[in-house]
Amino acid sequence: MSNEKQVDPGRRVMLAATCAAGGVVGLATAGALVSTFQPSEKAKAAGAPVEVDITGMAAGEMKTVEWRGKPVWILKRSPDMVASLKKTDGVVADPKSERTPDALTPEYARNEHRSIKPEYLVAVGICSHLGCSPTSKFAEGAQPNLPDDWAGGFLCPCHGSTFDLAGRVFKNKPAPDNLEVPRHMYLSDNKLIIGKDEKGEA
């Protein structure tokens, strides 16, 4: 007579069902843990840093992402766009970003191109006058509501404030300050993070 214990068929079905349920719970728990590594919409609105992939951006292309409920522009400037900033030095109101620098311009962006890398502008797309969002006007030359010698930049449609390709406001315009440059840093050549730099989160 065999010493093997006979397993009741009903019990076997119960064991299989319990194992299957345990596997589903394990997968669900793993999924929940993975999701915790991504900032929630509430966290983003509260100011959680936002990562941006800039792979493949062409010169003259601009991306807009949301950070703290604000539009943040990432503009990849062409060599000509960068060169145009020298032309606007004398006609912008705050060429060296000296006005309220701690609130508007991190130390590493207090330069002519207002950026870490000359080819990339990272700026909050909100006019410093009444909070409107300027529109991009990258084409050079005379255009409606712009001067004949326009070198490219941004125009606020609300009250006509204009900004150059570094987000510096032109003289004698309603906007009192340059566009804000948020704290940011590059994680690699193709990825940057907005709302955080070497000193920590903004």
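Here are the numbers for this structure:
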read-out: Residue check, Leu165 crowded, with 21+ Cβ neighbours inside 10 Å and out of contact with any Cys (no Cβ under 9 Å at 6 or more places or on another chain); value: yes
read-out: Enumeration of residues in region 168-182 that are under 15 Å from Cys158 (Cα atoms) and in a loop (DSSP other than H, G, I, E, B); value: Lys173, Pro174, Ala175, Pro176
read-out: Qualifying residue in region 124-146 (condition: touching a Lys or Arg at 6+ places or on another chain (Cβ under 7 Å), open to solvent by 40 Å² or more (accessible area, probe 1.4 Å), part of a strand (DSSP E or B) and not aliphatic (A, V, I, L, M)); value: yes
read-out: Checking Gly160 against (1) over 21 Å from Gly47 (Cβ atoms); (2) of a type in the set (Gly, Ala, Ser); (3) not in a loop (DSSP other than H, G, I, E, B), the condition it does not meet; value: (3)
read-out: Selection from region 60-81 of residues that are part of a loop (DSSP other than H, G, I, E, B) and either free of Cβ contacts under 8 Å to residues at least 60 places away in the same chain or buried (at least 18 other Cβ atoms within 10 Å of the Cβ) (or both); value: Glu61, Gly69, Arg77, Ser78
read-out: Qualifying residue in region 112-120 (condition: touching a residue at least 12 places away in the same chain (Cβ under 8 Å) and over 15 Å from Asp164 (Cα atoms)); value: yes
read-out: Considering residues of region 82-116 that are in a loop (DSSP other than H, G, I, E, B) and among the polar types (S, T, N, Q) only, the residue most open to solvent (accessible area, probe 1.4 Å); value: Thr100
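The values are calculated or read from the model by the stated rules, or taken from the named source; none is laboratory data. The structure displayed is predicted, hence computed values, not measured ones. Virtual Cβ from ideal backbone geometry, glycine too; neighbours counted across all protein chains shown. Heads up: the accessible areas ignore ligands, DNA and RNA and are worked out on the full protein's heavy atoms, side chains in. Shrake-Rupley method; radii C 1.70, N 1.55, O 1.52, S 1.80 Å.
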